[in-house]
Amino acid sequence: MITVSGLRKGYGRHVVLDGVDLEVPGGSLTAVLGPSGSGKTTLLRILAGFQRPDAGRVELGGTTVEEAGRAHVPPERRRVGYVPQEGALFPHLSATGNVAFGLPRRERRGPRPAELLALVGLAGYGDRYPHQLSGGQQQRVALARALAVRPEIVLLDEPFSSLDAALRADVRQDVARVLAATGTTALLVTHDQDEALSLADQVAVLRDGRVAQCATPEALYRCPVDPAMAGFVGDANLLDGLVGDGRVTTLLGELALAGGPGALGRGERAIVLVRPEQVRLDDRPEAPGMAARVEAVEYHGHDAVVTLQAAGPQEARLLARVPGVPDVKAGSVLRASAVGPVVAWRRDVAEMPVPVPGPGPGAAAPGG
């Protein structure tokens, strides 16, 4: 288990971490998600012992290893494995030599390096040097090296960022499999939302130096804490709404309200989240919803994203995600509606500091 309490770190006047609280359950994989400069790597380096915080405490496996001004356990005594961005293998050592590097001398010639290479899918590659390995293979060797010392915790610093898209998916699934097989507690930092949502047991989002939300991937996506979070963890349509009894009226019709960040009363104005996959398109003029003109269609193979503009007086821009090959063309007018429950936030407290699809803060609410 990893427990971080009130962690603070600054560089001069620039505060990077400003009271970070985070708990990583034992045996789980937690992703720390945030844009560049949000403090993800700084957090990881403090956990590893490479940097000292200005304030706060870090516990690893129930033992305090860092407390500003009081306790500091050096990196080599923390039982932490560290996987940097590009593996950072020693070029003059073979795969076996890299894996064995951190082991006691008596174990370096034993079976453990070969066992770990087999675990990460590289049986028979022990004699190869880093320049003879692909990027994905190098990352697997780096993981095997991190696991060699039998760490209680593995820290991964954007380890897939240098790989191409197809290879990245394969390697990250292999890494998740190995970590699960060994029961190792792991913390992955990434700026890739898809990576965080697909791999982690829980996702912590860093924003303004703090953990803005920490939840399971499904909860984070379905019930973000605010509109900004909704736009950060996926494509989001943010619409004005008027709250009724357990429902909210929007341009897309009357929608059921899901349990959200706060209770909304009848008659309140709200900002409503509708994910693109909830939007339904229909070419029948009598279909429910609103009239919308197709602006663009982006085909991705397994699905397509359709950009729409409301055809009526209210200027709303929408995204719809449709499976397969959509039978729609730019310029056509369709009816757009939505299905499933939606999350909403009270309009007077909701903030949108990042741009997201939708009508924006100045659009009029339905009926007003």
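Here are some notes:
- Listed values for region 142-153 are Karplus-derived 3J(HN,Hα) couplings in whole Hz (6.51 cos²θ - 1.76 cosθ + 1.60, θ = phi - 60°), namely 4, 5, 4, 5, 5, 7, 4, 8, 6, x, 7, 9, and x replaces Gly and Pro.
- Dipole of the chain, positive direction: furthest Cα of LEU334, GLN202, PHE101, with charges on the beta-carbon: PHE101
- The overall shape of region 169-288 is prolate: from the C-alpha gyration tensor, with semi-axes ordered a ≥ b ≥ c, the ratio a/c is 1.5 or greater and a/b exceeds b/c.
- For region 1-56, the direction-averaged projected area of the alpha-carbon convex hull comes to 3.9 nm².
- Probe 1.4 Å, all protein chains present, accessible-area order of ARG247, ARG77, largest first: ARG77, ARG247
- Helical runs (DSSP H, four residues minimum) scored at -39500 (n - 2.57) apiece and divided by the length of the chain put the mean residue ellipticity at 222 nm at -6000 deg cm²/dmol.
- Carbon plus sulfur fraction of accessible area for the chain, probe 1.4 Å, in percent: 50
- Alpha-carbon radius of gyration plus Dmax, which is the widest Cα pair, for region 168-237 in Å: 12.9, 41
- For the chain, the alpha carbon convex hull comes to 161 Å³ per residue, rounded to a whole number.
- Here the calculated FRET efficiency for SER161 and GLU286, from their Cβ-Cβ distance with R0 = 41 Å, stands at 0.25, rounded to the nearest 0.05.
- Per residue, region 1-135 exposes 51 Å² of accessible surface when a 1.4 Å probe is rolled over the protein heavy atoms with every protein chain present.
- Approximate spin-label separation GLN132-ARG266, in nm, with each point projected 7 Å along Cα-to-Cβ: 7.6
- Normalised size of region 1-152, defined as Cα radius of gyration per 2.2 N^0.38 Å with N residues, equals 1.16.
- The phi torsions of region 179-185, fed into the Karplus equation with coefficients 6.51, -1.76 and 1.60 and a -60° offset, translate into couplings of 5, 5, 5, 8, x, 7, 6 Hz, rounded to whole numbers, with Gly and Pro shown as x.
- Centre separation in Å (Cα based) which lies between region 6-85 and region 141-165: 17
- Converting phi to 3J(HN,Hα) with the Karplus coefficients 6.51, -1.76 and 1.60 and the offset θ = phi - 60°, region 252-257 yields 8, x, 8, 10, 6, 8 Hz in sequence order, with x at every glycine or proline.
The values are calculated or read from the model by the stated rules, or taken from the named source; none is laboratory data. As the structure is a computational prediction, the values presented were derived from the model and not from experiment. Note: ideal-geometry Cβ built from the backbone for every residue, glycine included; neighbour counts use all protein chains shown. Only protein heavy atoms, including side chains, enter the accessible area calculation; ligands, DNA and RNA are left aside. Shrake-Rupley method; radii C 1.70, N 1.55, O 1.52, S 1.80 Å.
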